[in-house]
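Undergrad: What follows is a single structure, and I will ask about it in a moment.
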Amino acid sequence: MIDRLRSVRTPPHIGILLGLSTGAYAMTLGGVTLLQSISEAALIADRTPAVAAIQILQQQHTVLDQRLARARSAYEQAAAAYASGGTDVATLEASLAELASAVSEIKGSAASLPTSFRLPAISTSVRAIKAPAVHTNTAASGG
Amino acid sequence: MLAVRAGVADGAPDPWAAAGSVASTEPERRSGRALGSPLSLLATKAADLDAAWVAVQAVMGEVDLAMSRFREDSELTRCNRRSPGSVAGVSRPLTRALTQADRAMRVTGGMFDPRVVAALEAVGYVGAAQTGPGPSIATARAAPGRVLHRDGRDGPISLPAPVDLGGIGKGLALRWAADAVVRGGFHAVAPGTGFLIDAGGDIVTVGVPSVGERWRIGIEDPRGGAEPLAVLELSGRAAVATSSIQRLRWDHKGVAAHHLIDPRTGEPGGDGLLAVTVAGPDPAWAEVWSKTLFLEGADGIAHAARRRGLAAWWATEDGRIEMTPAARVRTVWVAGEA
């Protein structure tokens, strides 16, 4: 039996074929791997500008955020000032109301005054001031 | 020889008006005629007043003989008749006057131009007869260049065109007469003393009339009013000149004409003005500027006078009297503002 088994030997061409197919597979696998790495490198190169742009966008977004924070702060200050001004306006309105009251009182007093009155007569005469005495006159030279 | 000082700056203390050892008195007057106009010397009473008057008359006579356009025997008439030819042996006063007129023409950009004889004669203001055809009005109007040409320092003088030195000649006569009086030793440089020379409305002053006083000059109303239009005060070495059409105005061929010729047009100029008065340190330049400003007319005179910083007063045809800021500080009275 053992001998019979020994007599059944794997033919050499089968071994060669198996070796060749294994080699071809390995080479195919290597080629596929190479192509895939080249493709990925190109993809990385294509995406680099987009990444840089995203980084710039992120920085600008940060700046914008800071500006918005400052604007918010200024707005809050302006709102506080406006609220304070509102108090002043209220004070001014109160003063105007007092003034209106005083004016209406004056109107009442003025109504009791006479509409016209005579001034005392003054007799006088107005003379134009004459030119001062001069040493000589300048006039047409004739030249 | 006594020195003559320049005019006193505005606002500065005036040593001439300061009280001094000389007694204050009313000025004395000497009167006569020269250069076709009334001439008077007004001066503090002094023993040498007559000598001063003789000196003034001598200078005026010399100038008249040298520069009159109306005398047949004057040097200027001789030069004008030879124009554009050259004349040798021209006197020192006429040479100085021609040189001064040439400079005035350049300084005023040609607005003061004594070469307008042809234009003057064309409107009827005729002087001594000229021989030969003389230049046309167009020549007098357009001629560029100089009043005179001279070969070397002492060579013969030639006038490219006949000239009229009437106004500037009178101003120079006043300048030289004042110099002569001071040179003669008149005590005008002492505090509280001085003199004034008036040649037909052009005036030069030296010193003051009396202690604490200044010379008061009235600007005559060119419309003939009895009162002056304004009164100004001067002291020290100062001058006033007026260019006016009050006396030299006539009808020429039915058109109103006068003797102040605009060299740009060759015709009487100064639209809208009756008279222009200018005050300054020198009578010749006061005369030059009064004539130059007159030719600017009512529309341009204010700008021209202020641009030059001149003390100028002007009377317009519509009866107004106007003045520059520099004139205002010298004015003590104005008609209509009293």
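The values are calculated or read from the model by the stated rules, or taken from the named source; none is laboratory data. Every value quoted in this text rests on a predicted model; they were computed, and no experiment measured them. Quick reminder, even Gly has a Cβ in these numbers, built from the backbone with ideal geometry, and neighbours come from all protein chains shown.
Undergrad: Which of (1) modelled with pLDDT of 90 or more; (2) farther than 19 Å from B:LEU172 by Cβ is the odd one out, the single condition B:MET105 does not satisfy?
TA: Here B:MET105 meets the rest and fails (2).
Undergrad: Related question: Using beta carbons and a limit of 7 Å, which pairs, at least six apart or on different chains, have the first residue in the range B:275-299 and among the polar types (S, T, N, Q) and the second one in a helix (DSSP H, G or I)?
TA: Sorted first by the residue in the range B:275-299, then by its partner, the pairs are B:THR277/B:SER290.
Undergrad: Test A:SER116 against the stated conditions and say whether it is assigned to a helix (DSSP H, G or I) and of a type in the set (S, T, N, Q).
TA: For A:SER116, the condition - assigned to a helix (DSSP H, G or I) and of a type in the set (S, T, N, Q) - is not met.
Undergrad: Related question: Evaluate the range B:243-255: report whether one residue or more is at pLDDT 90 or above and hydroxyl-bearing (Ser, Thr, Tyr).
TA: Among the residues of the range B:243-255, at least one is at pLDDT 90 or above and hydroxyl-bearing (Ser, Thr, Tyr), which makes the answer yes.
Undergrad: Still on this structure, please answer the following. Looking only at the range B:213-227, how many residues end up being buried (at least 24 other Cβ atoms within 10 Å of the Cβ) and away from every other protein chain (no Cβ under 11 Å)?
TA: Number satisfying all stated conditions: 0.
Undergrad: Out of all the residues in the range B:44-62, which are assigned to a loop (DSSP other than H, G, I, E, B) and buried (at least 18 other Cβ atoms within 10 Å of the Cβ)?
TA: If the condition is that a residue be assigned to a loop (DSSP other than H, G, I, E, B) and buried (at least 18 other Cβ atoms within 10 Å of the Cβ), then B:THR44, B:ALA46 are the ones that fit.
Undergrad: In the range B:175-212, how many residues are over 20 Å from the mean Cα position of the chain (by Cα) and either free of Cβ contacts under 8 Å to residues at least 24 places away in the same chain or within 10 Å of another protein chain (Cβ to nearest Cβ) (or both)?
TA: Of the residues in that region, 1 qualify.
Undergrad: Here is a list: B:LEU94, B:LEU41. Which entry is within 19 Å of B:TRP176 (Cβ to Cβ), in a helix (DSSP H, G or I) and modelled with pLDDT of 90 or more?
TA: The match here is B:LEU94.
Undergrad: In the range B:306-334, what residues are at positive phi and either in contact with a helix residue (DSSP H, G or I) (Cβ under 9 Å, 6 or more places away or on another chain) or aliphatic (A, V, I, L, M) (or both)?
TA: If the condition is that a residue be at positive phi and either in contact with a helix residue (DSSP H, G or I) (Cβ under 9 Å, 6 or more places away or on another chain) or aliphatic (A, V, I, L, M) (or both), then B:GLY309 is the only one that fits.
Undergrad: Still on this structure, please answer the following. Being facing chain A (nearest Cβ under 7 Å) and touching a Pro at 6+ places or on another chain (Cβ under 8 Å) is the filter here; which residues of the range B:228-239 pass it?
TA: Correct list: B:VAL231 only.
Undergrad: All but one of (1) within 21 Å of B:ALA51 (Cα to Cα); (2) assigned to a loop (DSSP other than H, G, I, E, B); (3) under 18 Å from the mean Cα position of the chain (by Cα) hold for B:PRO222, so report the exception by its number.
TA: (1)
Undergrad: If you don't mind, there's one more thing I want to ask. Mind checking whether some residue in the range B:200-212 is surrounded by fewer than 24 Cβ atoms within 10 Å (Cβ to Cβ), more than 19 Å from B:ALA119 (Cα to Cα) and among the acidic types (Asp, Glu)?
TA: No: the range B:200-212 contains no residue that is surrounded by fewer than 24 Cβ atoms within 10 Å (Cβ to Cβ), more than 19 Å from B:ALA119 (Cα to Cα) and among the acidic types (Asp, Glu).
Undergrad: Specify the residue that is farthest from the other protein chains (Cβ to nearest Cβ); the eligible residues are those in the range B:152-174 that are β-branched (Val, Ile, Thr) and crowded, with 24+ Cβ neighbours inside 10 Å.
TA: B:VAL163
Undergrad: So is B:LEU65 surrounded by fewer than 18 Cβ atoms within 10 Å (Cβ to Cβ) and not in a strand (DSSP E or B) or not?
TA: Criteria met by B:LEU65.
Undergrad: Here are some conditions: (1) modelled with pLDDT under 95; (2) in contact with a strand residue (DSSP E or B) (Cβ under 7 Å, 6 or more places away or on another chain). B:ALA88 meets all but one. Which one does it not meet?
TA: Unmet for B:ALA88, out of (1) modelled with pLDDT under 95; (2) in contact with a strand residue (DSSP E or B) (Cβ under 7 Å, 6 or more places away or on another chain): (2).
Undergrad: Quick one: in the range B:68-80, of everything that is in contact (Cβ under 8 Å) with a residue 12 or more places away in the chain and surrounded by fewer than 18 Cβ atoms within 10 Å (Cβ to Cβ), which residue is farthest from the other protein chains (Cβ to nearest Cβ)?
TA: B:GLU72
Undergrad: Got a number for residues in the range B:142-198 being part of a helix (DSSP H, G or I), at pLDDT below 85 and farther than 21 Å from B:GLU75 by Cβ?
TA: 4
Undergrad: Another question about this same structure. Scanning for something at pLDDT 90 or above, in a loop (DSSP other than H, G, I, E, B), within 12 Å of chain A (Cβ to nearest Cβ) and surrounded by fewer than 22 Cβ atoms within 10 Å (Cβ to Cβ), does the range B:287-310 turn up at least one residue?
TA: no
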